[in-house]
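The values are calculated or read from the model by the stated rules, or taken from the named source; none is laboratory data. Since the structure is predicted, the reported quantities are computational estimates derived from the model, not experimental observations. Cβ sites come from the backbone with ideal geometry, for glycine too, and all protein chains shown count toward neighbours. Ligands, DNA and RNA are stripped out before the accessible areas are found, and what is left, the full protein with its side chains, is counted by its heavy atoms. Shrake-Rupley method; radii C 1.70, N 1.55, O 1.52, S 1.80 Å.
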Amino acid sequence: MTNHHPIIQERTARTQWFLQDRFGMFIHWGLYAIPARGEWVRSTERMSVEDYQTYYDQFDPVRYDPKAWARAAKQAGMKYAVLTAKHHDGFCLFDSALTDYKSMNTRSGRDLVREFIDAFRAEGLKVGLYYSLLDWHHEDYPAYGDRIHPMRNNENYARNPETFERYIQYMHGQVKELLMNYGKLDIMWFDFSYEHMKGEAWKAAELMAMIRSLQPHIIVDNRLDASGEEGGSIYTNNPLSYSGDFASPEQIIPPQGVTDEEGNPLPWEACITLNNNWGYAAQDFQYKSPTTVIRKLVECVSKNGNMLLNVGPNALGEIPKESLDILAEIGDWMQKNGDSIYGCGQASWLKPEWGRYTQKGNLLYAHLFEESVGPINLSGLAGKVKKARLLADGSELFLSRPWNAAQYPNDAFLSFAKPESASYPLPDKRATVVELELL
């Protein structure tokens with residue numbers, strides 16, 4: 001059933017490229033790279049503005065080379081990237097006329113957002129900016145009594161609620177600067193709503209109207225309307241004007257993908273860290289293996305979703321070597337197997353025992369994660385597959401009914417070599433992809 005709700009129709013048109021591209025890079029970077037204890041360090045350690053000022057005074061990322069970042073993203077098979085223009089600490093990586101608290105005024109004296117956008121565009125990648133709706137630096141943002149503000153327990157930071165309107169004007173003004181001063185942006189990634197701080201508390205309808213008037217093609221996440229814990233009205237058949245263009249599950253891949261009330265798929269993107277922190281954390285070596293990331297990307301696509309994979313550059317502006325090594329291996333796999341990711345989505349066949357399916361038209365991609373004993377079972381596909389080939393090198397694979405499969409007339413069987421009833425190791429231990437051309 002097609003929903004003719006104008007917001008849903010516009011969303012469908014705007015997100016076409018997004019559902020093709022499937023894989024992007026998230027970049028969390030700011031002053032918090034210096035303490036190197038994660039991007040929430042000001043809140044978790046309840047630092048005052050004065051405590052945190054030392055990092056502003058030191059900030060000078062002399063090795064920041066966004067062209068190297070862009071090459072790493074492109075080689076990993078990523079198609080778009082999103083950078084934190086402003087995180088919760090209020091520090092701006094762009095040249096805002098509305099604040100002095102920005103990279104231009106640090107030792108580096110650079111508009112880091114402009115350099116990022118120029119470098120990533122030059123590599124043919126789409127560009128997005130993350131902007132935090134909250135702001136722990138701004139004097140009109142609620143502090144004492146707020147759930148997460150660094151000064152939440154300090155009565156000296158009680159704010160007059162009437163001045164919150166000034167913050168809203170500031171926040172809207174900065175979003176407008178980002179939309180007007182940096183050319184065409186592809187994504188605006190807001191973070192995040194909580195408790196009563198959501199929707200019209202941000203004057204979200206007015207903000208979204210301004211965004212749509214300046215860059216009508218841009219896609220926006222759902223966090224003006226929703227907290228990280230719940231998804232907001234994008235999940236309904238009657239979304240609000242500021243419901244966003246895609247859902248944004250964080251550090252989780254939804255068990256059944258993301259659908260509306262009637263089961264229709266919604267655009268969504270899982271944002272995932274490479275270790276256990278978004279911002280650079282010097283002591284966090286809990287990195288996911290390349291195999292895990294590859295299989296989780298496959299899982300997202302098999303459920304009609306995207307993956308936005310995060311890196312946290314250090315204080316000097318470098319993406320950690322551990323992250324670059326993982327990205328390089330993902331890129332090696334994507335170079336051979338990207339056709340099973342880009343433009344693909346959920347298959348019309350149930351998840352197989354040995355891995356996952358993705359599908360694009362009459363091409364069904366079998367992602368094999370598990371070794372088989374004997375031939376590989378393609379449940380329910382008897383008489384439905386015209387050809388099978390190994391996607392990585394185009395080599396022929398064998399579809400036949402070996403002697404030991406006679407009892408399974410509804411299933412097709414796949415083998416890597418002859419004799420077909422023997423067991424063969426998977427050519428790619430990370431994920432072996434077989435392209436099945438359906439009749």
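Would you please state the base-10 log of I(q)/I(0) at q = 0.24, 0.29 1/Å for region 384-439, with intensities from the Debye formula using one equal scatterer on every alpha carbon? Values, matching the q order: -1.05, -1.27. Computed over the chain, relative contact order equals 16 percent, with contacts defined as Cα pairs under 8 Å that lie 6+ residues apart. Could you run the Debye sum over the Cα atoms of region 1-111, one equal point scatterer each and no solvent, and tell me log10 of I(q)/I(0) at q = 0.19, 0.22 Å⁻¹, two decimals? Once normalised to I(0) and log-transformed, intensities are -1.02, -1.18.
Tell me the Kirkwood hydrodynamic radius of region 187-270 in angstroms, computed as one over the mean inverse distance between distinct C-alpha pairs.
12.9
In square angstrom, what is the accessible area per residue of region 288-439 with a 1.4 angstrom probe?
Working: 6650 Å² over 152 residues.
I get 44 Å² per residue for region 288-439.
The alpha carbons of region 278-381 stretch over 54, 30, 21 Å along the principal axes, in descending order. How many percent of the alpha carbon pairs in region 312-436 exceed a separation of 21 Å? Taking all Cα-Cα pairs of region 312-436, the fraction more than 21 Å apart is 43 percent.
Computed over region 268-330, the P(r) curve from all C-alpha pair distances, binned at 5 Å from the origin, holds 4, 18, 29, 24, 15, 8, 3, 0 percent per bin. Of all lysines in the structure, those lying under 21 Å Cα to Cα from Lys126, and not within fewer than 8 positions of it along the same chain, are Lys67, Lys74, Lys79, Lys86, Lys176, Lys184. The calculated FRET efficiency for Thr292 paired with Ile148, based on their beta-carbon distance and R0 = 25 Å, is about 0.25. For region 40-73, the residues whose backbone nitrogen is under 18 Å from a point 7 Å from the Cα of Asp100, taken along Cα to Cβ, are 49-59. Entry note, the chain: the mean residue ellipticity at 222 nm calculated from DSSP H runs of n ≥ 4, each adding -39500 (n - 2.57), is -7500 deg cm²/dmol after division by the residues and rounding to the nearest 500. Expressed as a whole percent, the accessible surface of the chain that belongs to carbon and sulfur atoms is 50, based on a 1.4 Å probe.
In this rough spin-label picture, where each label sits 7 Å from Cα along the Cβ direction, the Gln283-Glu370 distance is 3.9 nm. Start at zero, step by 20 Å, and the Cα-Cα distances of the chain spread as 25, 52, 20, 4, 0 percent across the bins.
Quick one: net charge of Lys288's neighbours, Cβ under 14 Å, K/R +1, D/E -1?
-2
Taking 0.36 nm per residue of separation and subtracting the Cα-Cα distance, full extension of the segment from Ala417 to Ile252 would add 55.6 nm. Fully extending the segment from Arg401 to Gln53, taken as 0.36 nm per residue of separation minus the present Cα-Cα distance, adds 118.3 nm. Using the alpha-carbon centroid of each, what span in Å lies between region 116-181 and region 1-75? Distance between centres, Cα-based: 13 Å. Close amide H pairs (under 5 Å, H built 1.01 Å from N) link Asn306 with Trp268, Glu269, Ala270, residues at least 5 positions away or on another chain. Derived value for region 231-312: Kirkwood hydrodynamic radius 13.8 Å. Basis is the mean of 1/r over every pair of different alpha-carbon atoms.
Remark: the Leu363-Glu162 segment gains 66.5 nm on full extension, using 0.36 nm per residue and subtracting the alpha carbon distance.
If one computes P(r) from the Cα atoms of region 52-120, what percent of pairs lie at distances over 13 Å? I get 66 percent for the Cα pairs in region 52-120 exceeding 13 Å. Partners of Lys288 within straight-line reach, counting aspartates and glutamates whose Cα lies under 20 Å from its Cα and excluding those fewer than 8 residues away in the same chain: Glu39, Glu250, Glu269, Glu299, Glu318, Glu322, Asp325, Glu329, Asp332, Glu370, Asp428.
So, in Å, what gap is there between the alpha-carbon centers of region 190-212 and region 334-408? Between the Cα centre of region 190-212 and that of region 334-408, the gap is 44 Å. For region 116-181, dividing the convex hull volume of the Cα atoms by the residue count gives 96 Å³ per residue. If the cut-off is a Cα-Cα distance under 18 Å, which aspartates and glutamates reach Lys384, setting aside same-chain residues fewer than 8 apart in sequence? Partners found: Glu396, Asp411, Glu435, Glu437.
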